[in-house]
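These notes concern the structure reproduced below.
The values are calculated or read from the model by the stated rules, or taken from the named source; none is laboratory data. Quantities reported herein were computed from a predicted structural model and do not represent experimental measurements. In this analysis, Cβ positions are derived from the backbone assuming ideal geometry, glycine residues included, and neighbour counts consider all displayed protein chains. Ligands, DNA and RNA are stripped out before the accessible areas are found, and what is left, the full protein with its side chains, is counted by its heavy atoms. Shrake-Rupley method; radii C 1.70, N 1.55, O 1.52, S 1.80 Å.
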Amino acid sequence: MEGHPPPAPQEPLNKGENPKQPLELPPDDLVPPPPSPEKKDGVIMNYRGIRTYSVQFPLKVRNVKCSRVDENTIVIEIAFNQSIDPRSIKKASILIDGEEIEKSPRFFFNKKGDTVKFELAFCKDEFELKMQGICSFDGSVMENETKLIKVEE
């Protein structure tokens, strides 16, 4: 095209560094999670795209469902009475028959953030499920809770 000046050269995104070098991550390739929000009773917070009203009341388990996918796999779904902080759900926060989950499962949350679902390799038809150290989005910590669960076929 005639009469148009050539486009201005763009600066590299990482000024002066080699753009082909990979970014350096903290040890173990883990990036620390952002800090939890301050506890403020009666405040509306945005959580996963939903406006959540922060009221300090105890975090409790509403319901636990467990179903068998195949003879060696089960799906556990835990529903809470309020949105939970997804960073507080990890393999150490859920014990089965008093033991930590061997492999870290992938945890799935519903949009409201009050239900978590995960899949495990497990053969028994009944087990004891203990939940510990789980926090709500506003920082309330759930008391340790143990339930006897029967696997639905």
Give the residues of segment 133-153 that are small (G, A, S) and open to solvent by 20 Å² or more (accessible area, probe 1.4 Å), sorted by residue number. G133, G139
Every residue in segment 110-127 that is touching a helix residue (DSSP H, G or I) at 6+ places or on another chain (Cβ under 9 Å) and without any contact (Cβ under 8 Å) to a residue 40 or more places away in the chain, please. V116
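If only one of K90, K130 is without any contact (Cβ under 8 Å) to a residue 60 or more places away in the chain and open to solvent by 90 Å² or more (accessible area, probe 1.4 Å), which one is it? I'd like the intermediate steps shown before the answer.
Values: K130 fails: open to solvent by 90 Å² or more (accessible area, probe 1.4 Å).
So the residue among K90, K130 that is without any contact (Cβ under 8 Å) to a residue 60 or more places away in the chain and open to solvent by 90 Å² or more (accessible area, probe 1.4 Å) is K90.
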When you go through D114, D85 one by one, which is the residue that is surrounded by 14 or more Cβ atoms within 10 Å (Cβ to Cβ), charged (D, E, K, R) and at pLDDT below 90? D85
A careful count of residues in segment 93-111 that are open to solvent by 80 Å² or more (accessible area, probe 1.4 Å) and more than 17 Å from G133 (Cβ to Cβ) gives 5
Can you list residue pairs whose Cβ atoms sit under 7 Å apart, with the first residue in segment 137-153 being under 11 Å from D85 (Cβ atoms) and the second being modelled with pLDDT under 85 and among the basic types (K, R)? Count only pairs 6 or more apart in sequence or on different chains. D138/K39; G139/K39
